[in-house]
Amino acid sequence: MVLPNVGSSRIGTCNKFPFDFYYNITLLQKEFPDVLFKSENDFIFWLKERDQIKKIMNNNDKPLSILHSSVKINRSVEKTFYDDAEPNFDVYECISKFEPLMNLKDPNSRVRYTKMIIKEMDLIREKSRVEFSKLLTKVLTIDEEIILVNGYVVHPLFLQIMPVIPYNDYILNEAQKIKDKLSSSYIGIHWRLESSTPKLLPECVQGLIKTLNKVMEEGEIKNIYLATDYPLLSSRSQSSTFGKITNYHHDAIRTLNETFKINTWVSLGGLEQLRKNEKYNKELNGSGIQGILDKLVCMNSNYFISGPNGCSRVISKYTKAIANERSNRIKNKDSDLLNVIDRWEIPL
């Protein structure tokens, strides 16, 4: 299995960093001992090596056999179907970067293009997902030498829940360093300003200040850590979709900083090794590896809060992941965690 590249908190061949930039491949291999994992660079090297060997052996090596399959959800189709597709390498987005290495002009090479259009309800209903997973397994259990699958499907494709892919040691160690700098006692705040109503932000920040004062007094916690999409390293937001930053946003963060000492991954020297290397500038100025770091630091916080409707995004997979991890730790008797998640209130 070729592990796609990563970047901007996403997995996919369009990204520029290898899979192990975010994740621990050694631990992943232990979870799936029967699967041989390779990076995109390994795959490219294999393609080049294969072509060279073929030339040395006077074309006696067997030709490539490739299946391209596009898997997508369509809410308007009446049922899921799998069919042949028009031969078009370009529709497979960044998978096309492998095309020059595949010698597709060789008349002996066998290339097939297919598409799977999924009725969304087939992935939402458990019974339907059983049947769908059987279909997907069947159509992709083939003898082709290379299977390239391109798609964006937000729902689980199989019933079996896969183990969480562990983050690499570098990110975990950075999170631990930040925890240590905060004396292992701090409030974690996740404040996604993009989804706020700008004119409400003066009231929002006052509600947050009131909540922080209460928690710090009752819990005897002195430190605050802020995870936010507000710009920290440059004038750009840390979210790729957060474009319009107003004076309301600036004033809210300024008020918070004037009231408390607010710590962030930047102020605490997080990811310092990467920040010294220019090739990571775009990653660190967007919604990249620091988003993972923020998530881990908030998971470890003694107390965790996020914003109410109007001040922040309430329905958030990111916040939910933090809350779920904290809930599991509390169930396992982690006495350092004082709550799962609370939301501050807007003053009346």
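Quick look at the values:
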quantity: Selection status of D122, out of contact with any His (no Cβ under 7 Å at 6 or more places or on another chain) and part of a helix (DSSP H, G or I); calculated: yes
quantity: Residues of segment 94-116 that turn out to be assigned to a helix (DSSP H, G or I) and either within 18 Å of I53 (Cβ to Cβ) or not assigned by TED's automatic domain parsing to the domain that holds I11 (or both), as a count; calculated: 3
quantity: Complete set of residues in segment 137-160 that are among the hydrophobic types (A, V, I, L, M, F, W, C) and in contact (Cβ under 8 Å) with a residue 60 or more places away in the chain; calculated: V139, L140, I142, I146, I147, L148, V149, V153, V154
quantity: Pairs, first within 16 Å of K72 (Cβ to Cβ) in segment 120-134, second hydroxyl-bearing (S, T, Y) and in a helix (DSSP H, G or I), C-beta under 6 Å, six or more apart; calculated: D122/S128
quantity: Residue selected from segment 133-156 under the condition hydroxyl-bearing (S, T, Y) and either under 21 Å from S96 (Cβ atoms) or part of a loop (DSSP other than H, G, I, E, B) (or both), by the criterion farthest from the chain's Cα centre (by Cα); calculated: T141
quantity: When residues of segment 204-234 are limited to those that are more than 28 Å from the chain's Cα centre (by Cα) and not in a helix (DSSP H, G or I), the one farthest from N247 (Cα to Cα); calculated: E220
quantity: Within segment 19-38, tally of residues that are assigned to a helix (DSSP H, G or I) and within 21 Å of the chain's Cα centre (by Cα); calculated: 9
quantity: Candidate set: segment 269-306, residues that are outside any helix (DSSP H, G or I) and polar (S, T, N, Q); chosen: the one nearest to the chain's Cα centre (by Cα); calculated: S287
quantity: Selection from segment 258-272 of residues that are within 20 Å of Q290 (Cα to Cα) and either buried (at least 17 other Cβ atoms within 10 Å of the Cβ) or of a type outside the set (D, E, K, R) (or both); calculated: I262, N263, T264, W265, V266, S267, L268, G269, G270, L271
quantity: Breaking point among (1) farther than 26 Å from E31 by Cβ; (2) touching a helix residue (DSSP H, G or I) at 6+ places or on another chain (Cβ under 9 Å), for R125; calculated: (2)
quantity: Pairs, first at positive phi in segment 180-194, second part of a strand (DSSP E or B), C-beta under 6 Å, six or more apart; calculated: none
quantity: Count - residues of segment 102-132 that are closer than 14 Å to G151 by Cβ and among the basic types (K, R); calculated: 1
quantity: Residue match in segment 317-326 (condition: in contact with a strand residue (DSSP E or B) (Cβ under 8 Å, 6 or more places away or on another chain) and acidic (D, E)); calculated: no
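The values are calculated or read from the model by the stated rules, or taken from the named source; none is laboratory data. Since this is a predicted model, take the numbers as computed values, not measurements. We place every Cβ from the backbone using ideal geometry, glycine too, and count neighbours over all the protein chains shown.
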